[in-house]
Amino acid sequence: MAKTRNEYLPEKAVIERIIEESADTKTFTLRLVDKGKLSYKPGQFLMLSLPGYGEAPFTFASAPRKDGRFEISVRRVGSLTEALHKLKEKDVVGVRGPYGNWFALEKLKKKDILFIAGGCGIAPLRSLIQYVLKNKKNYGMVEVIYGCRAPKDIFYKDEVKAWGQSKNSAVHLTVDEPDAAWAGACGVVCVLLPKIKVNPKTTMVFLCGPSVMVKFAIRDIVKLGFKEQNIYASLERYMKCGIGKCGHCYVKGKYVCTDGPNFSYAEMKKLGIES
Amino acid sequence: MMKRVLTTCPYCGVGCNFYLDVRDSRIVGIIPSKSNSVSQGRLCVKGWHAHEPIQHPDRLKKPLIKENGKFKEVSWDFALDYVAGRLKEIKDKYGPDSLAVCTSARCTNEENFLMMKFARAVLGTNNVDHCARTCHSATVSGLNQSFGSGASTNSYDELPFMDCILIIGSNPTEAHPIAGWRVRTAIDNGAKIIVCDPRKILPAEDASVFIQQFPGSDIALINAMINYIVTENLHDKEFIQQRTEGFNELWEAVKDCSPESVKDITGVEPALIKKAAQLYAVSKKACIMYSLGMTEHTVGTDNVIAMANLAMVCGQVGKEFSGIYPMRGQNNVQGACDIGALPNVYSGYQPVTDETARKKFEKAWGVSLPKEKGLTLTDMMYKAIEGKLKCFYIIGEDQIRTDPNSHWIEKALDSLEFLVVQEIFMSDTAKKADVVLPGASFAEKEGTFTCAERRFQRVRKAIEPIAGKTDGEIICEIAKRLGYAMEDNPSKVCDEMASLTPLFSGVSFDRLEDNGLQWPVHSKEHPGTPVVHLEKFIRGLGKLIPVKHKPPAEIPDGEYPFILTTGRMLFHYNTGTMTRRTANLNREYPRNFVQINSTDAQRLGIKNKLRVRVKTRRGELEVSAEVTDKIKAGVIWMPFHFSEAPTNVLTNNAFDPVCRIGEYKACAARVEKVNS
Amino acid sequence: MEKLFITKENLKVLIASLKKDCAEFIAPRYEHLDDIVLGDTKADGRELLNYEGNSVISPRAFLLPQTEELFEIKSAKNSEFIAVEDKKKRIFYGVRPCDIKALKLMEEFFIGGEFEDKPYKEKFRNSVFITLSCIKKCSPESFCFEMGSGPFAKEGFDLQLTPLNRGFLVEIGSKKGSQVIRKHKKLFSKAKPEDEKEVRTLSLNFTKGKKRINYKRLARIMRENKVQESIWDDIGQRCVVCSGCVTLCPTCSCFSIQDRLSGAQGSRFRYCDGCVYAGFTRMAGGSTPFPEHKDHIRRFFEHKLNIDTQRYGVSSCVGCGRCIQTCPGNISIRKFIEQAVDGS
């Protein structure tokens, strides 16, 4: 019998850096301890393991790097993320992956791209945003719509600002609860749609965020003439294995972990899901 | 090594059996038993996961003694010597009645017998009680007055064949799911269901009549039913004549209690009461299922009597397929009562004040026994605060989390000189103890549990005790150190129990092998008794006792406008020490919440899942709101399984004057929005 | 393939020999009263050579146990895991054809596809399955013939025995099976034509009055959403989330992973989980794609009766009837199938 790999066995990864993005979210920079490099593509995710608390999926929040370092942004919502937030630099966690499909990079060449993110939904999109901005010459106009609850909840603040400053790109921000210093837009992400410059007919759209946001944003951009097959959403589901076995993320014969987590709107409609 | 050990489920009082799937001394799963007459191959979600807490790393493994406020692990010998020494010291200094023992409805009959023997024969006090005080003591005191026996009159397997099931203050689907299965089967067989509950529980969805009365108005409701039944001439005159006494007195008490007259008290349309009364009275085979919704009131005993009255007036008791089912809450709460872990009776409800009974026990145990009734659990708390009770030995119970008004219980426990707690997990009560002795779970011992249909069933050992000793062995070791030898072999203890107890003198381990036995079992040849009170009631004639509506100790007012009522949910069990340590159960409901009617919520600006503060005169809690139409307006409901948000800091320690049960089911409360 | 024959006496000799060759001999045996449960009879010899009914649990309980230690956590702080391997050789005897079909589907699920499930694969590959075909319906609830999985297994077994008047007819289903035969040649003889004739009679008796369910049509009905909503409402109201169905179902494969630490060390377990729980799909923040309870059971039925029929070409409900027998809500997948097909 050929020796098969035990997919469930985590590898050690060391936390090299921790950045506080907001009151409840931290970004961790990780690196594998024993084995060279974790090679992944934007849109994929990993299973992060914290002994005593189990495992949970996190999408890579940074574009693949030569030095093998990768980032994940973690919002404190449950016991595992709570424990993760207590860790310090140089602490060790378990990781396995990468898993899942990736954003359709080959389809993007020369195209305009629109990103729509809500809250911590910016994290999975960030890896693709970094990737396309790094290779900007291959792509057309890049626009990012990013909505948060309050100005203090905006992740990657300086970086987000910089995204809008590269050539042929724009960033539009909105918050639900502005503070005194906020001069930007207020309300849900859809309020920013009139501002975008990209051409609906040819633009690729990538969305990630709370399910209500994804649902309404898709509805509105379809109305603007964006094509169903050009709209991709990164879905979030409860999952335990990441490899299509545990069954939690299963929906109508598809596994969000192996068939997704990135689905075109056309596929989502077929599966009867809106977000 | 692989073995399957058939045993009885450690959760509710239904008494399902299953096999523990043991592989190499690890219990890996549960296999249902089709041939067990109680569960018939079915289990509820708790039963299916009963193996998970057993070998949980949080299990207490070593005895602990508190030193300067901190627990220190000690050897068994050291701990047992220490406990025995302190017990003796306190007994010598203050007398035997300064000590009390709280036994456990989670432990086996044999262990409860040893504990009550330990209290009476070794410590020399009748201060022995257990948690039945806070669940079905009203059943024991109520049904005993009416029928002469405080237990279920009939068997589970009659339920599917009923024409009418009146479910009042009980949620069989959630609290007793395998009894709930039989209700489901009865519905499928065409039975008519009457549900009386402030909440629209699942059987109410299929009910012919759903009555949503205010908590604490049950006597008014039942008396109105009796009033209507007699007025409409639907009562069973022959049964009343031949089998009961006191009808005239009863009629005197209910004759003015028409369905119309109780509308304000109960909050129920008279037409619904009439429909329910009619249905129950004219059905050929009808029964009443009730549970803590009836007993946990200051009028708990009277509530139970009212139901007995209703059953007797309609002749719906004392025969097959008609009777009263008090759904017992814990795996062995029936047994712990039967075995005499109560301050006033020995095993089989033989009064301690009865000289013949006492002489019999004195002779068997070779000591003289105390003549006076002991303290109830409730009164032990009062006496502790008064300074009369000095020492409390608690086995497998978490009073702080289960008794009403936690702050008061904490005060009582703090007043003690010496507290011993025997537990399998570190509970809030155990944290208060001077000594914590690590007990054994159901999977680590031999013995018997008695379920709510009076059935003795075997508990069988699957693994060695994790901390080294069973609860029975611990008690016997302490007794030995106090100079009294007790037999600890469970089978022999069972024989001793049987030899002293006419009610189940025919019980022995070998006779329980197949499917147990339902007491009364009067001899080794007696086949057990599925239906009691058949020819006549145990007390002779059934007694119709007039009872009148009395409001709960606390009624809503301007400051506390809601009635707070509490209960158990499907996925959790009591203080949650086991279910909160079971992954899927805890995942379903990981935190406390309060159910509130949507109109009330709207008025207060409360949204579903948002945080609210629930306040009573005794305490306050922050929980999330579950806004629903399933609960009556003006009433709020909370479970009590969450030690980090413990509902019993809110409940009222007002007690029934007869059975001393606390009023968990009705107190005044207010709900406030929490601004985050 | 040529069919063989073994007498009852020789079968006992074969079993005795097989037992020497395995760590666990898993066979049906009586537990309490008439409970029949698959268990290890290597040491006690309590296996039933022939029996009526089926085991309360299927072989799944050994390949995907209710709880199973995947890793020893050597150091929580350093995320050091050591895989717990189960390399025991197991011989399963007396497995019913419905359960064999289930194993075939589970093999495809756990071992086929992009990722292999090593803990399952290891146990499965180290096992030998000897089927005992059914000459009598095992329970009033079972409907294996209707679902195309009984009374005889068509594939997935190593050996299949059919009880006859004079002994057992033997079919070989795999290399592992022929190895067993080769090693014990003397115990077997060629089957006689009358043996095969007897099997045909048995088969006719078993299937008399029964009709196969057109599960492809059923899948279509479900895919096109033609099942009346009131049926789902009723099922949703009946289910009390006991989890018995998903625990006993021979083709349920869902699980969760959980750690238990005692200080700095401990174990990572996986345990059987299933779609009947609200928490099964609820995310850490509390939102869930399936808020209604009836949708949880719908997911279960959809998976068995629609999705898997599309994926494997056969339904993954094998008609063993276990979920019906154990349901405290009296839900019957069989009745559901009838209602769905009739109502469309």
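Could you list, in sequence order, all residues of segment C:314-344 that are away from chain B (no Cβ under 14 Å), open to solvent by 30 Å² or more (accessible area, probe 1.4 Å) and more than 16 Å from the chain's Cα centre (by Cα)? Result: C:334, C:338, C:339, C:341, C:342, C:343, C:344.
Each row is one residue, and each column tells you yes or no for (1) assigned to a helix (DSSP H, G or I); (2) touching a Pro at 6+ places or on another chain (Cβ under 7 Å); (3) among the hydrophobic types (A, V, I, L, M, F, W, C); (4) not assigned by TED's automatic domain parsing to the domain that holds residue B:242.
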position	(1), (2), (3), (4)
B:280	yes, no, no, no
B:294	yes, no, yes, no
B:304	yes, no, yes, no
B:309	yes, no, no, no
B:317	no, no, yes, no
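Say whether the condition of being crowded, with 22+ Cβ neighbours inside 10 Å, over 23 Å from residue B:325 (Cα atoms) and not hydrophobic (A, V, I, L, M, F, W, C) is met by at least one residue in segment B:195-207. No - not one qualifying residue is present in segment B:195-207.
Of the residues in segment C:11-34, at least one is under 17 Å from residue C:248 (Cβ atoms), without any contact (Cβ under 8 Å) to a residue 60 or more places away in the chain and in the same structural domain as residue C:137 (by TED's automatic domain parsing). Residue pairs whose Cβ atoms lie under 7 Å apart, separated by 6 or more positions or on different chains, with the first residue in segment B:1-14 and at the interface with chain C (Cβ under 8 Å from one of its Cβ atoms) and modelled with pLDDT of 95 or more and the second open to solvent by 10 Å² or more (accessible area, probe 1.4 Å) and in a loop (DSSP other than H, G, I, E, B), are B:4/C:31; B:6/B:460; B:6/C:31; B:6/C:32.
To keep it simple, each residue is scored yes or no on (1) within 14 Å of chain C (Cβ to nearest Cβ); (2) of a type in the set (Gly, Ala, Ser); (3) touching a Phe, Trp or Tyr at 6+ places or on another chain (Cβ under 7 Å); (4) surrounded by fewer than 19 Cβ atoms within 10 Å (Cβ to Cβ).
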site	(1), (2), (3), (4)
B:549	no, no, no, no
B:555	no, no, no, yes
B:564	no, no, no, no
B:567	no, yes, yes, no
B:578	no, no, no, no
B:614	no, no, no, no
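When you scan segment B:457-465, do you find a residue that is closer than 20 Å to residue B:114 by Cα, free of Cβ contacts under 8 Å to residues at least 40 places away in the same chain and not in a loop (DSSP other than H, G, I, E, B), even just one? No, every residue in segment B:457-465 fails to be closer than 20 Å to residue B:114 by Cα, free of Cβ contacts under 8 Å to residues at least 40 places away in the same chain and not in a loop (DSSP other than H, G, I, E, B). Residue C:17 satisfies every condition listed in (1) more than 24 Å from residue C:320 (Cβ to Cβ); (2) within 19 Å of the chain's Cα centre (by Cα); (3) small (Gly, Ala, Ser) except (2). For segment C:321-344, a residue qualifies if it is out of contact with any Asp or Glu (no Cβ under 6 Å at 6 or more places or on another chain) and closer than 18 Å to residue B:48 by Cβ, and the qualifying residues are C:322, C:323, C:326, C:327, C:328, C:329, C:331. Within segment C:254-289, restricting attention to residues that are in contact with a strand residue (DSSP E or B) (Cβ under 7 Å, 6 or more places away or on another chain) and of a type in the set (D, E, K, R), the residue that is farthest from residue C:106 (Cα to Cα) is C:260. Going residue by residue through segment C:223-246, is there one that turns out to be over 30 Å from residue B:46 (Cα atoms), at pLDDT below 95, assigned to a helix (DSSP H, G or I) and within 14 Å of chain A (Cβ to nearest Cβ)? Yes - at least one qualifying residue is present in segment C:223-246. The residue that is least open to solvent (accessible area, probe 1.4 Å), among those in segment C:272-306 that are in contact (Cβ under 8 Å) with a residue 60 or more places away in the chain and within 10 Å of chain A (Cβ to nearest Cβ), is C:306. Taking the conditions (1) over 20 Å from residue C:61 (Cα atoms); (2) within 9 Å of chain C (Cβ to nearest Cβ); (3) open to solvent by 20 Å² or more (accessible area, probe 1.4 Å) in turn, residue B:73 satisfies each one other than (2).
If you go through segment B:234-269 and keep only what is closer than 24 Å to residue B:204 by Cβ, open to solvent by 20 Å² or more (accessible area, probe 1.4 Å) and in a helix (DSSP H, G or I), you end up with B:263, B:264, B:265. At least 2 residues being among the basic types (Lys, Arg) is the threshold, and among the strands (runs of 3 or more DSSP E) wholly inside segment B:1-67 those reaching it are B:2-8. Scanning segment C:288-330 for residues that are in contact with a Cys (Cβ under 6 Å, 6 or more places away or on another chain) and part of a loop (DSSP other than H, G, I, E, B) yields C:318, C:319, C:320, C:328, C:329. For segment A:165-188, a residue qualifies if it is within 13 Å of residue A:144 (Cα to Cα) and modelled with pLDDT under 90, and the qualifying residues are A:165, A:166, A:168. Counting only helices (runs of 4 or more DSSP H) that sit wholly inside segment C:49-145, those with at least 3 residues that are more than 14 Å from chain B (Cβ to nearest Cβ) and open to solvent by 10 Å² or more (accessible area, probe 1.4 Å) are C:97-111, C:118-125.
Of all residues in segment B:136-179, those that are open to solvent by less than 10 Å² (accessible area, probe 1.4 Å) and within 14 Å of another protein chain (Cβ to nearest Cβ) total 7.
The values are calculated or read from the model by the stated rules, or taken from the named source; none is laboratory data. This is a predicted model, so every value here is computed, not measured. Glycine also receives a Cβ, built like all others from the backbone with ideal geometry; neighbour counts cover every protein chain displayed. Heavy atoms of the whole protein, side chains included, go into the accessibility calculation; ligands, DNA and RNA do not. Shrake-Rupley method; radii C 1.70, N 1.55, O 1.52, S 1.80 Å.
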